[in-house]
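Structure, as structure tokens:
The values are calculated or read from the model by the stated rules, or taken from the named source; none is laboratory data. Bear in mind the structure is a predicted one, so any value in this text is a computation, not a measurement. Positions of Cβ are generated from backbone atoms using ideal geometry, with glycine treated the same way; all protein chains shown enter the neighbour counts. When the accessible area is computed, the model is the full protein with side chains, heavy atoms only, and any ligands, DNA or RNA have been set aside. Shrake-Rupley method; radii C 1.70, N 1.55, O 1.52, S 1.80 Å.
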Amino acid sequence: MKAFNSNRKASLTAGILYLLTFVSVPTLALYAPVREAGYLVSSLSDTPVLIGGILEIVVALTGIGTALALYPVLKWQNEGMALSLVGFRVLEAATIFVGVMFLLTVVALHQPGAAAEALVTGQTLVTMYDRMFLIGQSFMPAINDFVLGILLYKSRLVPRGLAVIGIIGGPVLLAGTFSAMFGLIGQRDPLAGLSAVLVAGFELSLGIYLISKGFRPSAIANLGPQPLNPLS
């Protein structure tokens, strides 16, 4: 019973954290002001950018939390891959933090009468954020979900059809990411957004499934020793 409760707590924790990773969806609109060429000398409010930064920090932390919550169970399938997933999530979070730092620096430079050099600096920082976004919120999630999809497929902790979405979605997002990196498509083009649909659907569906159903008992029984959840 204790092992069952521990596994259920792990699935609930991971599911809730996965849903929380979607809180940054509004940032596309919240960051619109900072992309304006004259933002640094304008009277536009910094509040939307600051809120967007906070939401991204939440996403970074919850991303790490998902891997930590799943690790005690996934390690019985493949400890090396499960540990890699934790490491990849930490790296993803680090790149998100750096991206947020770029935008917060733009906010710090935002003041009437800013010199022309500041305008150039501001646009450079926004461009650096966009490049970092490709790494932290496109490239890394694609790798993470591909690895997680394989672990879930082999362990059967969730329906294999759900795991396959992650396995397929990862490479599709990678293709979109590299296309944007090499200028084949625009970073905010509809095609770039479409490349992320499978990964987004996988993480949303996984979060909902883990909350509503939890890990499949038959799969847990076949994984070996019952793990203790370090978050309990």
(request) Please work out the FRET efficiency for the pair Ala108 and Val25, using the Cβ-Cβ distance as r and a Förster radius of 22 Å; give the result to the nearest 0.05. (result) 0.30
(message) Can you give me the distance in nm between label points at Val120 and Ser45, each placed 7 Å from the Cα along the Cα-to-Cβ direction?
(response) 3.3
(request) Would you mind putting 140-150, 21-31 in packing order, based on average other-beta-carbon counts within 10 Å, highest first? (result) 140-150, 21-31
(request) Using the charge dipole of the range 59-149 (Lys, Arg: +1 at Cβ; Asp, Glu: -1 at Cβ; taken about the Cα centre), state which of Leu85, Pro72, Val106 has its Cα farthest towards the positive end. (result) Pro72
(request) Specify which labelled value, from (1) 32, 21, 14; (2) 27, 19, 19; (3) 38, 18, 13, agrees with semi-axes √(5λ) of the Cα gyration tensor in Å derived from the coordinates of the model shown. (result) (3)
(request) Anything in the chain that counts as a DSSP H helix reaching 20 Å or more along its axis (C-alpha) with Kyte-Doolittle mean of at least 1.6? List them, would you? (result) 197-212
(request) Only helical DSSP H runs with n ≥ 4 go in: add -39500 (n - 2.57) per run for the chain, normalise by residue count and round the 222 nm mean residue ellipticity to 500 deg cm²/dmol. (result) -25000 deg cm²/dmol
(message) I'd like to check one number: the per residue accessible area of the chain, probe 1.4 Å, reported in Å² as a whole number.
(response) 47
(message) For Asp130, what accessible surface area do you get with a 1.4 Å probe? Give it in Å², rounded to 10.
(response) 20
(message) Could you tell me the calculated FRET efficiency between Ile57 and Ser218, based on Cβ-Cβ distance and R0 = 30 angstrom, to the nearest 0.05?
(response) 0.20
(request) Can you grab the distance from the C-alpha centre of the range 42-107 to the C-alpha centre of the range 152-181, Å, no decimals? (result) 19
(request) Would you mind getting the Kirkwood hydrodynamic radius of the range 88-162 from its Cα pairs, rounded to one decimal in Å? (result) 14.5
(request) Could you please put Met181, Met101 in sequence from largest to smallest accessible area, using a 1.4 Å probe? (result) Met101, Met181
(request) Report the net charge of residues surrounding Ala180, where surrounding means a beta-carbon distance below 13 angstrom and charges are Lys +1, Arg +1, Asp -1, Glu -1. (result) 0
(request) DSSP loop (so not H, G, I, E, B), at most 14 other Cβ within 10 Å: list which trypsin sites (Lys or Arg not before Pro) in the range 139-208 pass both filters. (result) Arg188
(request) State the percentage of accessible surface on the chain attributable to carbon and sulfur atoms; use a 1.4 Å probe and exclude ligands, DNA and RNA. (result) 71
